[in-house]
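The values are calculated or read from the model by the stated rules, or taken from the named source; none is laboratory data. This is a predicted model, so every value here is computed, not measured. When we count neighbours, we look across all protein chains shown, and the Cβ atoms used for this are built from the backbone with ideal geometry, even at glycine.
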Amino acid sequence: MNTASICTIGDEILIGQIVDTNSSHIARELESIGVKVRYMTSIGDVRENILSELGRCLDETDIVIVTGGLGPTKDDITKDALLQLSGSSGYRESKQQMAHVERILTARGIPMLDTNRAQALVPDKCTVLENKLGTAPGMAFHGLGRKGTSALYSLPGVPFEAEGLLPSVIDDIRAHFSLEKITHRTIVTFGIPESTLAKRIEAWEDALPSNIKLAYLPNPTIGVRLRLSQNGGDADFEPYVQQLRSLIGDAIYGEGDDTLQKVIGDKLRAAGKTLSLAESCTGGHLSQLITSVSGCSDYYKGSVTSYANEVKTGVLGVPSEIIAEHGAVSEECVREMAKGVMKLMGTDYSAATSGIAGPLGATPGKPVGTAWLAAARRNADGSVDVATECVHFASSRAINIERFASHALDLLRKQI
């Protein structure tokens, strides 16, 4: 199996000023074509460090993908390091990239400077990967490393530019390396913690053939993804997936890149049904998840962010005596919130949240991280069924809100 290193360059990553999202995206793409990532490393803006670390990676892996350090400012020194590393004798101008630079600057009304022109200069031993989204080109170098067989790809650090160039990198890798086929199938689950899930399917996992590997990929918003993989040839995962369904049932809600909000949207659209939301503790995050799905206007009518109690009573129609007796964070309150927004917007389904995200707001018997969730369904006879759930988490405010919203989506999924 071919191996790879992913290297990010820039002090801004090492001091925590920006978050490196490029490496995870690149790693997923490499994994999908059967390339094993051995190293991920971040390097500061020091020429000697860049040369030594990239040299080590080229000696030890077949493919090195570098992001960052290609901008027009003085601290962007990656290109000079690559000139030396590749044994290039000098720079040449990429006419295609210069055309892109001119087009972008003209569209923005920015005058052409020497620093802009310099971005179209590339080491003479590189193959240019056209960057149609920015001014710095991608570059490919071959015949590097101790064995003289390694390849290096240099991409801009701006995430959408790096992502836009990645297909060109993958095509070039396919053209220069003999890749071993890898087959995946991913099952997406929600509602069973990773440790509990692992225990429940332990015997099933132990019985998998030796050539099929299982990976657990947990995410507080998405749930736990179970990825089956096989190297070499085509794989028939269906028998194992059916066995898995019999073990964990409706905890499985999708496959591949499915999310709760996408699955909910697909079901609502297929049934010709509509949805509304009433949020308190999630503050609009539940609505944001629903509207992140393209085409959600087919089924989603809107929401009421009823943070204050007077909005719960005055807009959603929650009886004031319920809040007085049980509090806003209660099963009784979220039931009425769900029914109230359904009536207000005339929808077939609704969901509601009310809780204490923290760090303030705890009351006796209701600690930070407590939330009541509801999902309502209008029946054919006009009656309304409401399912409720109380959840408890002990995370930061932001993560508590994410988890409240994802559990509300799962409750809604089950109602649908």
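Condition check: among the small types (G, A, S), assigned by TED's automatic domain parsing to the domain that holds K339 and more than 27 Å from the chain's Cα centre (by Cα). Does A376 satisfy that?
Yes; evaluated as a whole, the condition is true for this residue.
When segment 36-58 is filtered for residues that are within 14 Å of N2 (Cβ to Cβ), buried (at least 17 other Cβ atoms within 10 Å of the Cβ) and touching a helix residue (DSSP H, G or I) at 6+ places or on another chain (Cβ under 7 Å), only V37 remains. Looking across segment 9-34, the residues that are touching a helix residue (DSSP H, G or I) at 6+ places or on another chain (Cβ under 7 Å) and among the aliphatic types (A, V, I, L, M) come down to I9, I18, I26, I33. Residues that are surrounded by fewer than 14 Cβ atoms within 10 Å (Cβ to Cβ) and not small (G, A, S) were ranked within segment 160-175; the one that is farthest from V64 (Cα to Cα) is F160.
For segment 185-223, a residue qualifies if it is over 23 Å from I399 (Cβ atoms), more than 18 Å from the chain's Cα centre (by Cα) and not charged (D, E, K, R), and the qualifying residues are I201, A203, W204, A207, L208, P209, S210, N211, I212, L214.
Among residues of segment 306-318 that are in the same structural domain as E279 (by TED's automatic domain parsing) and closer than 15 Å to S330 by Cα, those with a beta-carbon under 7 Å from a residue that is hydrophobic (A, V, I, L, M, F, W, C) and in a loop (DSSP other than H, G, I, E, B) at least six positions away or on a different chain give the pairs S306/V315; S306/L316; N309/A328; K312/V318; K312/A328.
Quick grid of which residues meet (1) under 23 Å from I290 (Cβ atoms); (2) within 32 Å of the chain's Cα centre (by Cα):
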{"residue": "N309", "(1), (2)": "no, no"}
{"residue": "P319", "(1), (2)": "no, no"}
{"residue": "E325", "(1), (2)": "no, no"}
{"residue": "E332", "(1), (2)": "no, no"}
{"residue": "A338", "(1), (2)": "yes, yes"}
{"residue": "D348", "(1), (2)": "yes, yes"}
{"residue": "S354", "(1), (2)": "yes, yes"}
{"residue": "P359", "(1), (2)": "no, yes"}
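Taking the residues in segment 118-159 that are small (G, A, S) and free of Cβ contacts under 8 Å to residues at least 40 places away in the same chain as candidates, determine which candidate is surrounded by the most Cβ atoms within 10 Å (Cβ to Cβ). Don't jump to the end; show me each part of the working.
Here is the first cut: in segment 118-159, the ones small (G, A, S) are 118, 120, 134, 136, 138, 140, 143, 145, 148, 150-151, 154, 157.
Restricting the remaining residues to those that are free of Cβ contacts under 8 Å to residues at least 40 places away in the same chain gives 120, 134, 138, 140, 143, 148.
Details: A120: 22, G134: 21, G138: 29, A140: 18, G143: 14, G148: 9.
Taking the candidates together, the pick is G138.
Restricted to segment 184-291, the set of strands (runs of 3 or more DSSP E) holding at least 1 residues that are farther than 20 Å from M345 by Cβ and acidic (D, E) comprises 252-255. Condition (residue is in contact (Cβ under 8 Å) with a residue 24 or more places away in the chain, crowded, with 18+ Cβ neighbours inside 10 Å and in contact with a Lys or Arg (Cβ under 7 Å, 6 or more places away or on another chain)) applied to segment 96-109: is it met by at least one residue? Checking segment 96-109: at least one residue is in contact (Cβ under 8 Å) with a residue 24 or more places away in the chain, crowded, with 18+ Cβ neighbours inside 10 Å and in contact with a Lys or Arg (Cβ under 7 Å, 6 or more places away or on another chain). Applying the condition of being of a type outside the set (A, V, I, L, M, F, W, C) and touching a helix residue (DSSP H, G or I) at 6+ places or on another chain (Cβ under 7 Å) to segment 186-220 and asking which residue is surrounded by the most Cβ atoms within 10 Å (Cβ to Cβ) yields T189.
Considering E389, E402, E325, the condition of being assigned to a helix (DSSP H, G or I), modelled with pLDDT of 95 or more and surrounded by fewer than 18 Cβ atoms within 10 Å (Cβ to Cβ) is satisfied by E325 alone.
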